[in-house]
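Working notes, beginning with the structure itself.
Derivation of every value follows stated rules applied to the coordinates shown; laboratory data play no part. Since the structure is predicted, the reported quantities are computational estimates derived from the model, not experimental observations. We place every Cβ from the backbone using ideal geometry, glycine too, and count neighbours over all the protein chains shown.
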Amino acid sequence: MYTPAPWLPRPKDLAMKTVLVLNGPNLNLLGLREPAVYGTQTLADVQALCEAACKTHQFALDFRQSNHEGVLIDAIQEAGRAQAAGALAGVVLNAGAYTHTSLALHDAIKGAGVTLVELHISNVHAREAFRHHSFVSPVAKGVMAGFGIKGYPLAIAALAGMATDA
Ligand code: CA2
């Protein structure tokens, strides 16, 4: 029978990796306005879905929302450092309207070298033309759009799949 050497770290001893779920401007209003576009569930409901998905995939969850571009950029930079240190599996980013405007977010993601899934609750490509361009997509590992808030657990599952592939 194979017995691993006792000084080698065993899976249960290894620290869980974290997933950062980062939400941008106005997403604090989820469920409170525009239910026809974004549904009736709130950001707290999104957080609960993410908690469940992280539990399934044995990740710790860091869930944040900010209306401020600089705060989002600081979080991306922090995530890059955490991933480089082996503590973070990746980021799920719903950058809200900054998706369509922020070269600064693009540069931050690229500079941080972080594994990132771009997420949108709505199908941005079926909406106004100004939502079709994303500054995030070229520096994202993948893009999830149009699955409502159920897209969040799908994006976390995608990060789990990437971690297994690595
Ligand atoms: O579909 C998405 O998740 C978006 O990222 C949401 C952004 C929008 O600018 C993007 O084009 C697509 C808007 C977030 C604002 O969310 C609200 C929620 C409820 C009420 C008002 C805004």
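Observations, loosely collected:
- With neighbour counts taken as other beta-carbon atoms within 10 Å, the residues Ser137, Ser66, Ser102 rank, fewest first, as Ser137, Ser66, Ser102.
- Neighbours of Leu72, meaning other residues whose beta-carbon lies under 15 angstrom from its beta-carbon, give a summed charge of -4 when Lys and Arg score +1 and Asp and Glu score -1.
- Remark: C-alpha extents of region 51-118 on the principal axes read 34, 24, 16 Å, sorted largest to smallest.
- Here region 112-166 is treated as a sphere whose radius is the Kirkwood value from Cα pairs; by Stokes-Einstein at 10 °C and 1.306 mPa s it diffuses with a coefficient of 133 µm²/s.
- Reported value for the chain: 117 Å³ per residue, from the convex hull of its C-alpha atoms.
- The equivalent ellipsoid that matches the C-alpha gyration tensor of region 61-158 spans semi-axes of 21, 16, 11 angstrom, in descending order.
- Over region 21-91 - Rg/Rh using Cα atoms and the Kirkwood inverse-distance radius: 1.02
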